[in-house]
Structure formats: C-alpha cells, structure tokens
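Encoded as structure tokens, the structure appears first; notes follow it.
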Amino acid sequence: MSSARSSETRVPALELPFELISDIFTLCLPFRRRVRPHRNRAPLNLSSVCRQWRAVALGTPQLWASVHLRFTGRYSYEGVANLFRSSDEPVEEDQSASLVDLWFSRAADRPLSISVICNRKQSLPSNLMDVLSVYHSRWGRVELAIPMCDFHVFSRISGPFPFLKTLAIHVTDNHAPLSDRDVPAVCQSPNLQVLQLSDFLNAPMSLDVASALPHSLTALSVSRDGISMESYLRDIFSLFPDLRDLDLFSHDGLVAHEESRIIAPLRSLLVEEDIALDLFIIPTLEHLRAWISSPTPLVDFLARSQCRLTTLTIGIDVHISNDTLSTCLSAVPELRILQLDVRTTQISNAMMRCQVLLENADLVPQLCVLYVGDWAAKPDYPGWVELLRGRPNLRHAHLHVWPAHPHVGLHLTPPSHDVVEQLEALRAERMMNISIITPTISWPWNAKDEDLVGDLDINIFSPGQNRPYFFSPF
C-alpha cells in the first residue's frame, strides 16, 4: 500500500541530476543574457517552485550573472515591486542597489552583464553605482544610459577590468564629448572589443581620442562631421586593424571619388544616411543598416561591393516612394532578415510600405524574418495579417509600433479580437513566431521577452530598434 502511494506521488522532474536541472534552468534565460528581475521570469520563478529547485537555482552561478534594469520616471527599478511583494506596497529607495548586490553575490566568479537604462532627466537610485563598482573586476558587458552626474561617479571607478569586452555608455542629459574624458573602464580594459561612447547630441570623436583607445577593438561606434571623413575613416581602420563592425553617425554630405573609396573588411555597417555608402567598397559585408534617400546609393554600393547581404535594415522617410523601396530590395535577392523602420504621417502607416512585399512575390524570395518598426499613430493590424498571409515563407514576423509622440503611444488601441484569432491561426498553421509590441501592449503577453533571431540584438538605447549582436556580445 505504501509502495503504491509513493509511486503515485513521484515527481520525475525532481529525480533528474543536479547538473541536468542546472543546464535546463540556464536555457530558460534570455539568449542575449539580459535578465530583467521579475518573479514571473527566470531565474526567480524557477527558484520559487520547491526547495530542491531553489537549491539548484542558487547553486547555478550563471543564472545570476546578468541584470537588466530600466528606470522610467521612478527612483527605483520598475520591477522591484514585482519581485517578492505585492505591487501596491511602497518601494524603498535603496531596493534597487540591494537587489543588484544580492543578485551578483550569487554569481560566484562569473563575468557579469550589466544593463542599466535611465530616461532623460532620470538619475540612478542612491548607492546603485557604488554597488556596481564593488564587482568591477568581473564586469563582462556594461551598457549604461545615465545622466552626467552618474557618469562622473562611473568615471571614478579605477579598475582594472580584466573581463570587460563590451562597453556602451550614453549620457542622457548633457552635451559633453564623453570621448574627451579619461574613462578608466576604457584604458584599463585589456580585453575590450566593443566600444560605444555617446551623448544625446552625438558629439564627434577626434582622432587624438581614438588613438588612445585599445587597438584590439572589433566593433566601434563613431560620430563625425563630413569634413575629411574619408581621411578620418582611413585612420580609424589603421588604428583598429581588427575592426569588423562599424556604426558611423554623420548627417553631412559625403562624396568619395571612385579611385579613393575605402576597401574595408567589415562584417556589419550602420550609417545614418545612405550617401555615406559612397565612401566604401565592402565585399565581406553581411549586415547593413541605412536610411535611404533614393535607390542609387544602396544599389550602386551593392553592385561594386559584390557582397552577399543576409540582414538589411532600411529606414524609410515619408517622402520615399514604394518604387524606391522595391528597387532597393531587388538588389538583395539572397536576403533572409529584413527590418523596415517606417516614419509615417497622421494618415499613413507601415503597412502601406509593406505593400511592395505583397505585390511582388519574387522580391527577396528567401526572406524568412521580418521586423517592421511603425511610427504610426493608428497602426493597421488587419494589414499586418494580410502581409503575413501573403508571405508564406516567413517564420518570424514582428511588428513594433512606436509613435513619434510618446503620449500617443499611451493611447493606442490593441488588436481586435478578430485580428488576434487570425494571428493565432497563422501561428498554429505555419509554426510562425508572430508578435505585436507597442509602448503599452504586447501580443502575445510575453512578446517583449522573446529573443531576437539571426545576428540581431536589441538597441538598448533606442526602444523598438534592433542592431547587430556584434555590438553587444557577452
């Protein structure tokens, strides 16, 4: 009788070896390893099931080696209230710092990923930077959007930083060339590979500053005016012989002579204006992002480079025609991942641009991943369904709606019940990964926690935008 009762109460999951449960728990983390502490997400939900799983979770350091905190007009991390107490209880000022300290104390000697984002005119909670500094010798990836007052504290952390590979800092409230300051996390990081230092006006980086950076960089974000751009870029490639990924910010006209174009060994290139493509010949390019003004710069660049793009992000202003977009896409027949960032008017939306994908089935025939960034005040959800039906080869399709005016985003209508049913049917029939994300709506409910595919990663400083993972490895 006792034997029968014991067999009925067996829980096979609890009989798995510790190491196997630990490996399964690790697979529950976000692929890009930005963990937002929340009682309904790993690792906290896993550690709350039973004593055995809690022991495994606490004994698995890699579960606690990453933290992603976003401060949106509050003095404390917005998720603190959703950790261990009901959300209507007040949150004390020092909870964020205490949370991070406890979190990283469980990570043993693992390299750490730290992503801390503040809105403009928002500063960090007291003592948070002090807590982060305690673990500086284990920093692996650091991404900070912080005000100048917090940056001053950060710049006083002396190091060394033996594991730091990725450093991205954006000062949110001041126009001050960060690159003119002595930042120990830059000069005391022997293994630094990726660097992005910026302020909200994208102050240029001088060659004197660039020459002081670690020459081992493989990914770099630079801002520069159009003066002597060609010479400047040649010096950049000379200073950083291993550079494979470049984010170039410039709004000035750039024109290169045919005999003086730069042959660059880049894997990914991000430019604000497509005229910058006139500077380059890049046979090795796989990932490109550009705002297009006409089909000529992009088409000519692809023709002379003879590269085989697999990922393309195109920014489209309101004056760009569908014919221009169609011509650009015709130049990348092997494209597999496409992101369209569409600026719209009050009477337009991104689905009007996406008509080119419906009207020409032979356009980018290998396309299997589509991200659409829509700035519309009134998104066309039925048009999204029609688009997905018309492209049967798609396996991942994601619509991000981010209206140009923030207050508009707070009042967007959600997809209708009929639209949701149709999306559910498409997801089941084709095994598609489909999502809709707005400032206030996520469908399905966990869409914001879904990992991006291919070589894409979120642009942590620009919600709704993606960028190559090569700029934020961990």
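Details
- Taking the centroid of alpha carbons for each part, the range 124-145 and the range 378-454 are 35 Å apart.
- Short-range pairs are left out: with C-alpha atoms under 8 Å and at least six residues apart, the relative contact order of the range 309-419 is 25 percent.
- Positive-end ranking of TRP384, SER305, PRO444 along the dipole of the chain, with charges on Cβ about the Cα centre, is headed by PRO444.
- Net charge dipole size for the chain [Lys, Arg +1 and Asp, Glu -1 on Cβ; Debye, nearest 20]: 1400
- Cα-projected label distance for ASP109 with CYS187, points at 7 Å along beta-carbon direction, nm: 3.0
- Qualifying trypsin sites (Lys or Arg not before Pro) in the range 103-150, DSSP loop, other Cβ atoms within 10 Å at most 15: ARG120, LYS121
- Dividing the convex hull volume of the alpha-carbon atoms in the chain by its residue count gives 171 Å³ per residue.
- For the range 337-439, a Kirkwood radius taken over Cα pairs fed into Stokes-Einstein (37 °C, viscosity 0.692 mPa s) yields D = 236 µm²/s.
- Computed over the Cα atoms of the range 265-313, the ratio of the radius of gyration to the Kirkwood radius (Rg/Rh) comes to 0.90.
- With 0.36 nm allotted per residue and the present C-alpha distance subtracted, the VAL134-LEU58 stretch has 25.3 nm of extension available.
- Between GLU334 and HIS215, the modelled label-to-label distance comes to 3.4 nm, taking each label 7 Å out from Cα in the direction of the beta carbon.
- For ALA425 and ASN119, a Förster radius of 25 Å and the Cβ-Cβ distance give a FRET efficiency of 0.05, rounded to the nearest 0.05.
- Positive-pole candidate from PRO17, THR296, ILE314, dipole of the chain, charges at beta carbon: PRO17
- FRET efficiency for the GLU386 to ASP23 pair, using the beta carbon distance and R₀ = 30 Å, is estimated at 0.10.
- Mean Cα-pair separation over length for the chain, i.e. relative contact order, pairs under 8 Å, 6 or more apart, %: 8
- Here is how the number arises for the chain: DSSP H runs of 4 or more residues each give -39500 (n - 2.57), the sum is divided by the residue count, and the result at 222 nm is -7000 deg cm²/dmol.
- Scanning the chain for GluC sites (Glu not before Pro) that sit in a DSSP loop and have at most 14 other Cβ atoms within 10 Å, the longest stretch containing none of them is 94-333.
- Taking label positions 7 Å along the Cα-Cβ direction at both GLN355 and ASP300, the computed distance is 2.9 nm, reported to one decimal.
- Where the Cα pairs of the range 245-403 fall when distances are cut into 10 Å bins, in %: 11, 41, 34, 13, 2
Every number in this text was worked out from the coordinates using simple rules, so none of it is lab data. Predicted model only: the values in this text are computed from it and were never measured. Neighbour counts are summed over all protein chains in view; Cβ atoms, including those assigned to glycine, are modelled from backbone coordinates with ideal geometry.
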